[in-house]
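Let me begin by presenting the structure, written as structure tokens, before commenting on it.
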Amino acid sequence: MGGIILRPLLVNEVNGYIKKLFANDLLLTYLSIEGEISNFTHHYSGHMYFSLKDDKSRIKCVMFKGDNQNLDFKPKDGNKVVVTGSVSIYEKDGSYQVYVKKMAPLGKGDLHKAFEELKAKLEKEGLFSSEHKKDLPRFPKKIGIVTSSTGAAIRDMVSIIKRRFPPCDILIYPALVQGDQAPKDIIKGLKYLESREDVDLIITGRGGGSFEELFPFSDEELARYIFSMKKPVISAVGHETDFSISDFVADIRAATPSMAAELAVPDKRALLDELNTLGYGIIRSVDDKLNSLDNELSSHGRSLKFLNPESILRDRRLEIDSILKEVEFKLSKKLMTMDKKLTTIKNRINLLNPSIPLEKGYGIIYDDLGNIVKSVLGINKDDRINIRLQDGSIKTLVLEKEENNG
Amino acid sequence: MDNLKLSYEEALKELEVLLSQMEEEGLNLDETIGKFKRAMELYDYCKGILDKAEGEVKLILKKGDLQEEVDFLEDYKEEIDEDF
């Protein structure tokens, strides 16, 4: 059965009653509500009227002029916000609404929007276009880094740069990388490094964090400053999946600070391998050349005789010897394999140079016609042959010959 | 060898060209020696770029508007060792 009914109530009595109920409710008198703004109007009276909604429901809101004057953002339809205030009855039309005292953008909703808006704006202005991108120096002499001087990001960058390319100098400008003051601090650091003549590449960024924490790198002033810089800049903010406006205006976006370090300097070990492979190839080709020359000489011994091979080649060989000695000296300290190869070449050259064996007491035997005698087959008893020694020659008469068997 | 007015890439490229020329038949001894000399010059030049002495790591200390450079003391070198 129903409650006690004294008499029919007037409409305003009912609404007044409900209003009192609401006013006595602990929750409804002070609460925060999170939702998306819709039907937003900023009335000429200065009051703001809007609804907050989520995917299931909506609630009417009003924020009076006196309360909304100090808002630090302009609410718009679609903004996700948190409002704080009370829920009460508007007696005149029997509806309830939120009387908003405070309103704040709900992190993501608003920042994401700000991010997208700024991104669209700067892109339209051409700040992201590839024609403005500067090339990075292949071998940076000094890399300037603007980031927090503590934490994993800077440690990772320094260790990777030093591992990949030890000769590179690093200059770290410590800066705040989150919070309201961060963009100005980062700009200050960039300005300082830009003014340093010895710095030829700049990295700015930070390690991972929430969208809000990374947001300083999506600051418009910072973006415009990076764009204006003469020195190449790598932007490295957060993780692979994080994007910031500085990534788009920088000359290169690195997915992470570690990646920035990898992009900044070449890998010395890989370069050395490449270089040594070439060096080895050069040595080998000289070796091949000398080998084939050696073969040519022995097969053309006859004809060369008339050209006096020794005198023709002596100068060349002295030259080769001295080059090779010098090169061998240099390379022996650097590369054992190349060094060994050089020794082989040098021996090869010595073999080609008849004056060396002569110094050791060997002789070259010529027949009557001046041909070099390599075999006993063409020689008979009583033939005249000449023996060349290092300081002269001896004319001799063959007394006897003996063939080696086998 | 720094008087070679070449970038590392240019030197390396020239070295590659020299190598392919030297591997071809038909070079006489003079040419071979000449190219060999040049190749070693380029090799030394490139090696010199890679073998420069280890660079420094400095941190800027801000004192008002003045900046002072101090050694960066974070022990990043330990991490380098771990990597090997």
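Just so you know, all these numbers are worked out from the coordinates, no wet-lab data involved. Given the structure is predicted, the values throughout are model-derived calculations rather than measurements. Methodologically, a virtual Cβ is constructed for each residue, glycine included, from the backbone with ideal geometry; neighbour enumeration extends over all protein chains shown.
Key figures
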read-out: Between the stretch A:107-182 and the stretch A:22-44, the Cα center-to-center distance that results, in Å; value: 41
read-out: Shielding by partners - mean other protein chain Cβ count within 10 Å, residues of A:139-150; value: 2
read-out: Shielding by partners, peptide B:41-53 (average Cβ within 10 angstrom, other chains); value: 5
read-out: Which listed pairs, of A:Lys119/B:Lys63; A:Lys102/A:Lys184; B:Lys5/B:Lys62; A:Lys191/B:Lys13, have C-alpha distances above 32 Å, in listed order; value: A:Lys119/B:Lys63; B:Lys5/B:Lys62; A:Lys191/B:Lys13
read-out: Diffusion constant of the stretch A:40-169 at 25 °C, which comes from Stokes-Einstein with the Kirkwood Cα-pair radius and 0.890 mPa s, µm²/s; value: 125
read-out: Distance from the stretch B:11-77 to the stretch A:57-106 (C-alpha centre basis), Å; value: 66
read-out: Segments A:260-267, B:64-71 sorted - mean Cβ within 10 Å per residue, highest first; value: A:260-267, B:64-71
read-out: The stretch A:170-263: trypsin sites (Lys or Arg not before Pro) falling in loop per DSSP and having at most 12 other Cβ within 10 Å; value: A:Lys230
read-out: Pairwise FRET efficiency - A:Asp287 versus B:Lys63, Cβ, R0 = 56 Å, nearest 0.05; value: 0.35
read-out: Burial ranking of peptide ranges A:134-144, A:14-24, B:41-51, A:157-167 (average Cβ count within 10 Å, highest at the top); value: A:157-167, B:41-51, A:134-144, A:14-24
read-out: Test item: B:21-27 mean partner chain Cβ contacts at 10 Å; value: 3
read-out: Nearest-0.05 FRET efficiency for A:Val14 and A:Gln178, computed from C-beta distance (R0 56 Å); value: 0.60
